[in-house]
Structure formats: structure tokens, C-alpha cells
1. Tell me, yes or no, whether region 139-147 has at least one residue that is more than 22 Å from Gly20 (Cα to Cα) and either open to solvent by 50 Å² or more (accessible area, probe 1.4 Å) or of a type outside the set (A, V, I, L, M) (or both).
2. Sort out for me the helices (runs of 4 or more DSSP H) sitting completely within region 48-157 that have 3 or more residues that are among the charged types (D, E, K, R).
3. If I ask for residues that are aromatic (Phe, Trp, Tyr) and over 21 Å from Leu38 (Cβ atoms), which ones from region 60-118 would you list?
4. Could you please give the count of residues in region 33-47 that are open to solvent by less than 40 Å² (accessible area, probe 1.4 Å) and part of a loop (DSSP other than H, G, I, E, B)?
5. Going through Tyr100, Tyr104 one at a time, which residue ends up being within 18 Å of Ser66 (Cα to Cα), over 18 Å from the mean Cα position of the chain (by Cα) and modelled with pLDDT of 95 or more?
6. Considering only region 116-131, state which residues are open to solvent by less than 100 Å² (accessible area, probe 1.4 Å) and closer than 20 Å to Gln31 by Cα.
7. Only one of Glu134, Glu84 is at pLDDT 90 or above and either in contact with a strand residue (DSSP E or B) (Cβ under 8 Å, 6 or more places away or on another chain) or open to solvent by less than 90 Å² (accessible area, probe 1.4 Å) (or both). Can you tell me which?
8. Looking only at region 125-132, decide whether some residue is in contact with a Ser or Thr (Cβ under 8 Å, 6 or more places away or on another chain) and small (Gly, Ala, Ser).
Amino acid sequence: MRKLSEYRKLAEKHESESHGQYISAIYRHMQILISAELAPYRIGSGQYIFLMAIASQQPITQKALSEKLLIDKTTTAKAIAKLEAEGYVRREVDPADNRYQQLYLTESAQGVVPKVQEALDRVKSRTKQGISDEEYDLFINLLKVVLSNLSKQDEML
């Protein structure tokens, strides 16, 4: 495992490079891999995150789902509509407040979720090749710091 000082030396060599270009490229490549893996289930690369979030915490409202995933409400609504059209998500009126709808996985989705998780694990495994668990954890924590920094800037605007 490399020490933080080694990463800093590597970073000094690449000061003119932007982490944004790498994050963007990684995102595009991962979306292609995920789309291919999930095609048999008719789940797009933009929908799996919603499916898996509902699976981990149901029932959940669309608003709470948007907040949990840090995704705007319009994008969430479109993804849920697609998942609903595929028969993976159902809505029920929230008994505590009938202005809201609770989201649940259907029986069909219950059978697909483990397969989706396996596909996501394969993609993740591919992304981690040559990286130790400690390095990967550091990478994830650094990305969280970058996101937090940007979120703070958004709040100031």
C-alpha cells in the first residue's frame, strides 16, 4: 500500500490535470459497463441506483429517495416512472400523509435485486483491480471530501 506522501508526490507531477476529467471519464466507462450488465433486466444505468436504494430502505418517499441519493426530484421521478413501467416499483399512498406516496419493490424486483447486486459487484471488482482495500477506502473518502466541498459551495450561491 502506498503512503499518503507517495500520493502527494504523484499529485505534484500532475498539477495541470483536473480530477474532474478523470471522474467524468470513470463515470462514462462505468455507465457503459453497468448498462451492459443490466440490459437483461431492462434496467438502465440511470435507474439501478434508485432500485437498490429502495431495496435497502422501503418504504421510502420519492422526496426522501432524492435526498438520500443527492439527486434532483425531476431525475428521481423519471427513474421511478421507468422502474414502475418495467414492473419493479409500486406506489402506495402514505397512510400518515395522503399527499405522499411510498415506494416499494414489487415481487418481480425482489427476484432481480440480487442479480443486479451481483452485476454491480462485478463492475466494482473490475474498477478495484490493482488497488488495495485501504487505497480504495481512501479514494472513496477523498471523493466524499470533494463532494462535501462542492456542496458547501452550492449552499453559498
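The values are calculated or read from the model by the stated rules, or taken from the named source; none is laboratory data. Here the structure is a predicted model, which means the values were calculated and not measured. Backbone-built Cβ (ideal geometry, glycine too); neighbour counts: all protein chains shown. Accessible surface areas use protein heavy atoms only, side chains included; no ligands, DNA or RNA. Shrake-Rupley method; radii C 1.70, N 1.55, O 1.52, S 1.80 Å.
1. No, every residue in region 139-147 fails to be more than 22 Å from Gly20 (Cα to Cα) and either open to solvent by 50 Å² or more (accessible area, probe 1.4 Å) or of a type outside the set (A, V, I, L, M) (or both).
2. Filter on region 48-157 gives 62-69, 73-85, 107-127, 133-156.
3. The answer is Tyr100, and nothing else.
4. 4
5. Tyr104
6. Those that are open to solvent by less than 100 Å² (accessible area, probe 1.4 Å) and closer than 20 Å to Gln31 by Cα: Val116, Gln117, Ala119, Leu120, Asp121, Val123, Lys124, Ser125, Thr127, Lys128.
7. Unique residue meeting the criteria: Glu84.
8. no
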